[in-house]
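In what follows, a structure is listed as structure tokens, so that the remarks can point back to it.
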Amino acid sequence: MTGKLVLHLGAHKTATTAIQHYCSEEKDRLRAAGIVYVGHTVKPFSTYRTLRDLTQEARGEGKFEFREARSKLVIDNAEKVINRADVRSLLIPWEIFLGEPYDKNLPVLYPGAHLSLKALAGFLKDLPISIVFTIRDQWAFLNSWYLQLHKLGQIPDPTHFREWVAAANLSWRPMVETMKEYFGAENVTVLTYPANSATQPDYFRDLFKAYGYVDPINPNSIDRKNESWPSEAMEIARHVMPLLPNDRERYLFRLKMDDVFSKLPGRQYKVLDESAQLQLAEKYAAENTTLGTSSK
């Protein structure tokens, strides 16, 4: 085989959505450079949907229907793509395959990651594969995810969330070690999403290099929207979201809120304060440095 499968498995809140939008918009340019991008679709026999159902079933969150037929189709198609002489990578950047990072009853980041990775490794065992994993400092990650939960219509009690953070194992290391165990250390790349926006262009360059993209890239063309909400928006969501009847209505409400509050000055709401930032940095900052390559 001349190419390989590249799975970018998150984490969430490391510009993954912006990257997916960019890849979708620039798929022809990527293809010309040897990168075949697998987009998001709800079609059940698609690669995205098949891997999502596979990992959901592994975590006990759903049923992987038509397993044999879907598995054969996805593997056969992947082999055909990466066997082409003009293909470097079959790129699948979807963080949802690891599940969600927060479960109020389980004090660990991504409690379903181990089962998901085991299922992916078994499913893709006959393909050449590289894993890309992007991490972020725990304080910024969790503040951003708390906001995301509100946008999804899930409203965690802030006091409980802070207590969960204080008690949970928030290390990225278990996931990284599991990736290395199942896919080989030489096939795992870990990058750190920078806190400093000035170094984000280097992060994007490093990321696309890990994808197998060798042409120059303009990181400024990757649209990073300001979708933070101030405390007023969080309060509105706390009252309105539970009243909305379905996911579509919650999604449309979220878009309206993003549109309004992204244009207004205001400080982003943070459920974790500066003292929590210091505590998390003291506990995990040194370890994060050893796990991920920081863009400088």
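The values are calculated or read from the model by the stated rules, or taken from the named source; none is laboratory data. What you see is a predicted model, and the numbers here were worked out from it, not measured in a lab. Neighbour counts are summed over all protein chains in view; Cβ atoms, including those assigned to glycine, are modelled from backbone coordinates with ideal geometry.
Below is a table of values for the structure above.
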| read-out | value |
| --- | --- |
| Residue within segment 47-62 that is more than 21 Å from the chain's Cα centre (by Cα) and surrounded by fewer than 21 Cβ atoms within 10 Å (Cβ to Cβ) present | no |
| Boolean, Leu5 is assigned to a strand (DSSP E or B), surrounded by 19 or more Cβ atoms within 10 Å (Cβ to Cβ) and either touching a strand residue (DSSP E or B) at 6+ places or on another chain (Cβ under 8 Å) or among the basic types (Lys, Arg) (or both) | yes |
| Among (1) assigned to a helix (DSSP H, G or I); (2) within 23 Å of the chain's Cα centre (by Cα); (3) of a type in the set (Asp, Glu) - the single one Glu232 does not satisfy | (2) |
| Yes/no for Ser221 being closer than 30 Å to Ile155 by Cα and hydroxyl-bearing (Ser, Thr, Tyr) | no |
| Test: residue in segment 135-142 that is at pLDDT below 95 and either in contact with a Pro (Cβ under 6 Å, 6 or more places away or on another chain) or among the β-branched types (Val, Ile, Thr) (or both) | no |
| Cross-chain or 6+ apart pairs with Cβ under 8 Å, segment 165-188 first and in contact (Cβ under 8 Å) with a residue 40 or more places away in the chain, then of a type in the set (Asp, Glu) | Ser171/Glu287; Trp172/Glu287; Arg173/Glu287 |
| Hits in segment 156-198 (condition: loosely packed, with under 15 Cβ neighbours inside 10 Å and farther than 19 Å from Phe141 by Cβ) | Asp157, Thr159, Glu181, Gly184, Ala185, Glu186, Ala198 |
| Unmet requirement for Tyr182, which otherwise passes all of (1) of a type in the set (Ser, Thr, Tyr); (2) at pLDDT below 95; (3) assigned to a helix (DSSP H, G or I) | (2) |
| Output for segment 199-224, where each listed residue is surrounded by 12 or more Cβ atoms within 10 Å (Cβ to Cβ), touching a residue at least 40 places away in the same chain (Cβ under 8 Å) and part of a loop (DSSP other than H, G, I, E, B) | Gly212, Tyr213, Val214, Ile222, Arg224 |
| One residue from Arg248, Arg238 being more than 23 Å from Tyr269 (Cα to Cα) and at pLDDT 85 or above | Arg248 |
| Test set (1) over 11 Å from the mean Cα position of the chain (by Cα); (2) buried (at least 18 other Cβ atoms within 10 Å of the Cβ); (3) among the polar types (S, T, N, Q) - Thr41 fails condition number | (2) |
| Lone unmet requirement of (1) exposed (fewer than 11 other Cβ atoms within 10 Å of the Cβ); (2) touching a Pro at 6+ places or on another chain (Cβ under 7 Å) for Gln268 | (1) |
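Yes/no per residue for (1) of a type outside the set (D, E, K, R); (2) surrounded by 15 or more Cβ atoms within 10 Å (Cβ to Cβ); (3) within 23 Å of Pro194 (Cα to Cα):
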{"residue": "Arg70", "(1), (2), (3)": "no, yes, no"}
{"residue": "Ile129", "(1), (2), (3)": "yes, yes, no"}
{"residue": "Asn143", "(1), (2), (3)": "yes, yes, yes"}
{"residue": "Leu149", "(1), (2), (3)": "yes, yes, yes"}
